[in-house]
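The structure under discussion appears below in the form of structure tokens.
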Amino acid sequence: MVAFVLLVWFCAVNPVLAGQGQWAGFLYLVPKASSELGADQKARMVEEIKEAAREFHNDFKPDSQAQDTIEFLKGVKFDLMGKAVEGPSPVALIRVESANIQKVDDFFATVGPVIGEWFFLDFRMGVTGQLNYTNTETLARLKKEAPKRGDGKEQPNAVVFPLSKNAEWWALPTDRRTELFSSHEDKFGKGHLGHNGVGFLYISKIYRKLYHSRFIDPQQDFMTYFEFADTDKPVFESLLSGLRDTAKNQEWKYVKEGPIFWGKRVEGPAGLF
């Protein structure tokens, strides 16, 4: 069972990681079994969230120029390696992003107490950074083939996927890790595509964003975020199964998956409850 905790801010951030990236906070909302949310309580919570979100661009309609964004996700399912997680599951998730870590902190510090009256809160943190295990050719292909991000009506599905790498992975030299991300059939066997090769099979249909959590949030090493259209659900399932197929992608032998939150993007906090 996944343990959900009250909102805790990870203050001791490694300053080396606080570079030019975008900080993101992910707040999972899990209903308290003994609490029943009434109309008045819902209205108060929605207004508190709206007020705290005033300085953030509503990411239901993405703006590539916006630095401070907020997104509201209504839960659909919550599973671990394809199996439902035992115990209470999050019914909603709020993602806030800013280049200023203090803005992320302030938002959750403001809404945490009022939401925490009715929900157990699990807070996770990450920051964007430079892409590793890649080269100039791969970066150029990513730029060319990555999809244009749609709004919440065009691409309503959102997936939040925390994961970690085991100690054996971090003990590998960088060049060996880079090789595992590529095909190298001569080293890893016929049909090996690597993480990058699998990803390129589906990149044109799936929006993806990666956040680094190692040394920031002990719950995971990475937070991965995806968006896609209803018609592309099978594409995302194929991407996930391809990454998990260690004949195609031996890098996944070193992965420890966290529970996956599957959600729908909604236009505002009222849609969460």
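Each reported figure results from applying straightforward, stated rules to the coordinates on display, with no laboratory input. Here the structure is a predicted model, which means the values were calculated and not measured. With ideal geometry, Cβ positions are generated from the backbone for all residues, glycine too; neighbour counts draw on all protein chains shown.
Below are the figures for this structure:
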quantity	calculated
Low-density loop positions, trypsin sites (Lys or Arg not before Pro), the stretch 32-124 - DSSP coil, at most 11 other Cβ in 10 Å	54
Dipole axis of the chain (+1 Lys, Arg; -1 Asp, Glu on Cβ), positive-most option in 24, 127, 166	166
In degrees, nearest ten, helix 136-145 long axis to first principal axis of the chain (Cα)	50 degrees
Test item: Cα-centred dipole of the chain, Lys/Arg +1 and Asp/Glu -1 on Cβ, debye	620 debye
Cα Rg, Dmax (largest Cα-Cα span) when computed across the chain, Å	18.9, 64
Rounded to the nearest 20 debye, dipole of the stretch 136-262 from Cβ charges on Lys, Arg, Asp, Glu	140 debye
Antiparallel content of DSSP bridges confined to the stretch 15-125, in %, to 5	90 percent
Rounded tilt (10° steps) of 39-52 against the dominant C-alpha axis of the chain	60 degrees
Protection-proxy order for peptides 160-166, 207-213, 184-190, each taking the mean of Cβ atoms within 10 Å per residue, highest first	207-213, 160-166, 184-190
Residues in the stretch 242-273 that a label on residue 151 would reach, taking backbone N under 15 Å of a point 7 Å out along Cα→Cβ	265-268
Order of 175, 68, 151 - criterion: other Cβ atoms within 10 Å of each residue's Cβ, fewest first	175, 151, 68
Computed magnitude of the charge dipole of the stretch 15-125 (debye, nearest 20; Cβ of K, R +1, Cβ of D, E -1)	280 debye
Crossing angle, helix 233-244 versus the chain [Cα axis fit, 0-90 degrees, rounded to tens]	60 degrees
Calculated on alpha-carbon atoms, Rg and Dmax of the stretch 15-125 in Å	15.0, 45
Options 107, 204, 225, ranked by Cα towards positive dipole end of the chain, top entry (Cβ charges)	204
Part-to-part distance (alpha-carbon centres) for the stretch 88-132 and the stretch 167-223, which is given in Å	26 Å
30 Å Cα-Cα threshold exceeded, pairs from 103/233; 153/209; 165/264	103/233
Ranked packing of 23-30, 115-122, most packed first, by mean Cβ within 10 Å	23-30, 115-122
Charge-dipole axis of the chain as Lys and Arg at +1 and Asp and Glu at -1 on Cβ define it, positive-most pick from 98, 57, 259	259
10 Å binning of all Cα-Cα separations within the stretch 142-273, expressed as whole percents from 0 upward	12, 37, 36, 13, 3, 0
Distribution of pairwise C-alpha distances over the stretch 72-145, 10 Å bins, in %	13, 32, 28, 22, 5, 0
